[in-house]
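Notes follow the structure.
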Amino acid sequence: MEFSTIEIQKNLFYVGVNDRHTGLFENMWPLENGISYNSYLLKGEKNILIDPVHASCFELYLSKIRSVIGQDGTIDYLIINHMEPDHSSSISLLLNVFPKMKLVGNSKTAEFIKGFYKLDISENFIEVGEGETHKFGNFALTFYKTPMAHWPESMVTYYKESKTLFSQDLYGGFGTIDGGIFDDEIDYTAREFERARYFTNVVGKFASQILRATKKLENLEIKTICPVHGIVWRSNPEKIVKFYDDLANCRTKNGVVIAYGTMYGNTEKMADYLANTLSKNGVRDVRLFDVSKTHVSYIFTHIWLNKGLFLGSASYNNALFPVMQELISLISTHKMKNHILGIFGTYAWSGGGVKNLLEFAKNNTEFDFIDMPVEAHCSPSYDDLQHCKTLAEEMAKRVLA
């Protein structure tokens, strides 16, 4: 099957694919809007693929490659910026079709190729180092290592002639490419939350390394950014760089997220009262989430974006409500900053919910903790709700300060 080619610039083509079938990215994060696996092809004296795609999409991928190089054409080099299997799983398939193809990466790339795919690459691997420029036919490409942004072998490729950065997972996002592949062809604000959800869930734990990578690349003149997920940024690449910089620095907005675990609605009553009080005190962006109803990946992103956070939980078997435990574990591993935390909850025959949330607050000192937790017996009384009112007023004051 032949495909009309998408030319990004002279001699550079988009040969990526969409995945609308996989339900969970990394078998954890919902893909409500699917995801793209982007790959790029430089056509010249030597043909160079930059980052492959998921093996499940290989037939379509190969057809797109053929539409650029022809049925008798070959691929001379495959540059591997990132070895996560949502990209690298098609390496063996590409080698079956193009057995003379050379693999290009750093020393850690080689380790992962051997580890994942048990390939003998002693004769066909070209190792590149930090800041090195290599000639591949008529193309000169420069490589910069970006370790732990978000895997240890991660690197980016820079094509100086056209001022193009192939950024691997950096500057990517969830969602398929529906129609135009460029930032000037679509309403990119429509998928802004999906980009934020990709950042917070997949790479947010490594925010400091992402900031380090951005700092390393800031002196490059970049006119086009080609990530491995999401759209190609050719008109306003500064937009996605700033978006990532804001997220990595936890620049929050003046909203409050109320995430609660409830079995019979009593903790939810307290959450509603907190929300109403926040609104009366000037907080215009208040979001409530029942942790049993909304997937943790969505709640977590809203928490990252907003300054205030209330965590509320019923007690469950002398412990924290289990779904709430999943949420606070995710928060703890990502070390968020610039957030204000308040705690509430209920218990019946034994405590455990609020007790464990207080332990979470103690262990996460990056939060500005409002030390006036509210815990109700069975269901909230009038006095309990008055304590909730005081707690919410203090949250509003700190958020809007």
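The values are calculated or read from the model by the stated rules, or taken from the named source; none is laboratory data. Note that the structure is predicted; figures quoted are calculated from it, not measured. Positions of Cβ are backbone-derived with ideal geometry, glycine not excepted, and every protein chain shown enters the neighbour counts. SASA here: full protein model, heavy atoms, side chains in, ligands and nucleic acids out. Shrake-Rupley method; radii C 1.70, N 1.55, O 1.52, S 1.80 Å.
Pick from the range 173-191 the residues that are outside any loop (DSSP other than H, G, I, E, B) and at pLDDT 95 or above: which of them is surrounded by the most Cβ atoms within 10 Å (Cβ to Cβ)?
Per the criteria, the residue is GLY175.
Return the residues of the range 161-170 that are open to solvent by 10 Å² or more (accessible area, probe 1.4 Å) and in contact (Cβ under 8 Å) with a residue 40 or more places away in the chain; say none if nothing qualifies.
SER162, LYS163
Could you please let me know if PRO152 is in contact (Cβ under 8 Å) with a residue 40 or more places away in the chain and closer than 30 Å to LEU247 by Cβ?
In short, yes.
For the range 192-216, enumerate the residues that are loosely packed, with under 15 Cβ neighbours inside 10 Å and either of a type in the set (Gly, Ala, Ser) or under 16 Å from GLY34 (Cβ atoms) (or both).
SER208
What number of residues within the range 225-241 satisfy the criterion of being part of a strand (DSSP E or B) and either more than 20 Å from the chain's Cα centre (by Cα) or among the aromatic types (Phe, Trp, Tyr) (or both)?
Final tally of qualifying residues: 1.
Taking only the range 242-268 into account, find how many residues are part of a strand (DSSP E or B), open to solvent by 40 Å² or more (accessible area, probe 1.4 Å) and either of a type in the set (Val, Ile, Thr) or free of Cβ contacts under 8 Å to residues at least 60 places away in the same chain (or both).
Here the count works out to 1.
Could you tell me whether the range 50-60 includes any residue that is of a type in the set (Phe, Trp, Tyr), assigned by the TED database to the domain that holds ILE79 and touching an Asp or Glu at 6+ places or on another chain (Cβ under 9 Å)?
There is no residue in the range 50-60 that is of a type in the set (Phe, Trp, Tyr), assigned by the TED database to the domain that holds ILE79 and touching an Asp or Glu at 6+ places or on another chain (Cβ under 9 Å).
Please tell me if ASN138 is out of contact with any Pro (no Cβ under 6 Å at 6 or more places or on another chain), farther than 28 Å from GLU221 by Cα and open to solvent by 40 Å² or more (accessible area, probe 1.4 Å).
No.
Does TYR273 qualify as being aromatic (Phe, Trp, Tyr), open to solvent by 50 Å² or more (accessible area, probe 1.4 Å) and assigned to a loop (DSSP other than H, G, I, E, B)?
The answer is no for TYR273.
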